[in-house]
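Engineer: Structure in C-alpha cells, see below.
Laboratory data are not the source of any read-out in this text; all were calculated from the coordinates shown. Computed from a predicted structure; not experimentally measured. Counting neighbours? That spans all protein chains shown, and the Cβs are built from the backbone with ideal geometry, glycine included.
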Amino acid sequence: MNAQPLEGKTAFFTGGSRGIGAAIVRRLALQGASVTFTYAAAADAAEALVGDVLAAGGLAHAVRADSANAQALAAAIDAAAAAHGRLDILVNNAGVITHGPIDDLPVEEFDRVFAINVRAVYAGTRAAVKHMGEGGSVITVGSIVADRSGFPGTAIYSASKGAIKSMTRGFARDLGPRGITVNNVQPGPIATDMNPAYVKDLVLPLIPLGRMGQADEVAAMVAYLAGPEARFTTGASLTVDGGFMS
Ligand SMILES: NC(=O)c1ccc[n+]([C@@H]2O[C@H](COP(=O)([O-])OP(=O)(O)OC[C@H]3O[C@@H](n4cnc5c(N)ncnc54)[C@H](OP(=O)(O)O)[C@@H]3O)[C@@H](O)[C@H]2O)c1
C-alpha cells in the first residue's frame, strides 16, 4: 500500500479554511498532493492551516475567492494550474446552508444559495477540467438531503444538493471519455460550524451509530475517490452518514 498515493498530484478545492474542507486539505496534503484552496472570509484560519500543513512537510496555498463570483473562482483555478503546470484533482466543497419556511425565505435566498452550492460547481468544474488530463478527478461535497430532506425548512438547501447529484451524473458522461472521474460525496450530520448544538440534539436519535460524524471521516472518502484505487468509480454519490439514511 502506497503511503503517499497522491504524491506529485495537484489539487484545487473550494472552502478549505474550516470544517470538512480543512480536513480534506490536511488529508490530501498528508498523502502527498500539492493543495490550493479557497476561502471566503476566514483569512486567519486559512493561513493557520497553510502553516500547519507546511510544518508537517506538505504543500498548501490559500487564496481568497468567493464561490458566488464565477469569474473570480475560474481565475483562481487558472492561476493554480499555471503555477503547477496542470491540475489533477478538483474538490467542490464550499457550501452554505439555509433554513426556514417558504413564507420566510425570499427568492433572493434561493439565488444566493444556488450561486455558491450549484453554480460554482459548474463554473469551477468547467474551469478545472481545461487543465486536467487522463486520470483527473472531480469530487463534489453534496449532502444526504439530496435524497431525503428529513426536516421542514430545508427545501432550498436540499434542492441545491439534489442539483449537484444530477450534475455529477451529467459530468461523468461528459468527462468519462477524457479519463476524468466525477463523484459526489454525501455527508450526513458532521460536527462542524454548520451544525449548531440544537441540530445535534435533533439528529442524534436518527443515527444508528449514535454520534455525529467527524470532518476527517468525510475527507477519507474524498481521498479515496481522488486516489488510484477509485479509477473505475464515476458518476457515483457515496454516503458518509453513520447510517442516517438506512
Ligand atoms: N456539516 C455537515 O453536517 C454537512 C453535511 C452535509 C454536507 N455538508 C457540506 O459540506 C461542505 C462543507 O461544510 P462544512 O460543514 O465544513 O461547512 P463550514 O464549517 O461552514 O465551512 C464552510 C467552508 O466553505 C467556505 N465558504 C463558504 N461560503 C463560501 C464562498 N461563498 N466562497 C468560498 N468559500 C466559501 C468557508 O470559508 P470561510 O471560512 O472563509 O467562511 C469554509 O471554508 C458544504 O458543501 C456543506 O453543504 C456539510
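Engineer: How would region 1-95 be classified by its alpha-carbon gyration tensor: rounded, prolate or oblate, with rounded meaning a/c under 1.5 and the a/b versus b/c comparison settling the rest?
Structural biologist: Note, shape of region 1-95 comes out oblate.
Engineer: In addition: Measure nothing fancy, just the Cα-based angle from helix 70-84's long axis to the longest principal axis of the chain, in degrees from 0 to 90, nearest 10.
Structural biologist: 30 degrees
Engineer: Same structure again: On full extension of the chain, what length is gained from D44 through L206, given 0.36 nm per residue of separation minus the C-alpha to C-alpha distance?
Structural biologist: Contour length minus Cα-Cα distance gives 54.8 nm.
Engineer: Could you tell me how many degrees, from 0 to 90 and to the nearest 10, lie between the Cα long axis of helix 120-129 and the main elongation axis, the longest principal axis, of the Cα atoms of the chain?
Structural biologist: With both axes taken from Cα atoms, the answer is about 20 degrees.
Engineer: Run the reach check for K9 against lysines, Cα to Cα strictly under 25 Å, same-chain hits fewer than 8 apart removed. What comes back?
Structural biologist: Leaving aside lysines fewer than 8 places away in the same chain, those within reach of K9 are K130.
Engineer: For the ranges 144-157, 37-50, what's the packing order if you count other beta-carbon atoms within 10 Å of each residue, average per peptide, and put the highest first?
Structural biologist: Ranked from most to least packed, the peptides come out as 37-50, 144-157.
Engineer: Determine the sum of side-chain charges near I144: Lys and Arg each +1, Asp and Glu each -1, restricted to other residues whose C-beta is under 15 angstrom from that of I144.
Structural biologist: Residues near I144 contribute 0 overall.
Engineer: Right, something else. What does the highest-first list of 65-73, 189-197, 27-35 look like by mean Cβ count within 10 Å?
Structural biologist: Descending mean neighbour count gives 27-35, 65-73, 189-197.
Engineer: Provide the net charge surrounding A215, with neighbours chosen by a C-beta distance below 11 Å and charges set as Lys +1, Arg +1, Asp -1, Glu -1.
Structural biologist: So the environment of A215 carries a net charge of 0.
Engineer: Share of Cα-Cα pairs in region 190-246 beyond 16 Å, in percent?
Structural biologist: So the pairs more than 16 Å apart make up 52 percent of the total in region 190-246.
Engineer: Name the shape class, rounded, prolate or oblate, that the alpha-carbon gyration tensor gives for the chain, where a ≥ b ≥ c are the square roots of its eigenvalues, rounded holds for a/c under 1.5, and otherwise prolate holds if a/b is larger than b/c and oblate otherwise.
Structural biologist: Note, shape of the chain comes out rounded.
Engineer: Could you work out how much longer the chain between K130 and R86 gets when fully extended? Use 0.36 nm per residue separation minus the Cα distance between them, nm to one decimal.
Structural biologist: Working it through step by step, the gained length comes to 14.9 nm.
Engineer: Run the simple label-point estimate for Y122 and D216 please: 7 Å along Cα→C-beta, distance reported in nm.
Structural biologist: The two pseudo-label positions are separated by 3.8 nm.
Engineer: Report, to the nearest 10°, how far helix 215-226 tilts away from the longest principal axis of the Cα atoms in the chain, using its own Cα long axis and a range of 0 to 90°.
Structural biologist: Tilt of helix 215-226: around 50 degrees.
Engineer: By its C-alpha gyration tensor, with a ≥ b ≥ c as the square roots of the eigenvalues, how is region 147-240 shaped: rounded for a/c under 1.5, else prolate for a/b larger than b/c, else oblate?
Structural biologist: oblate
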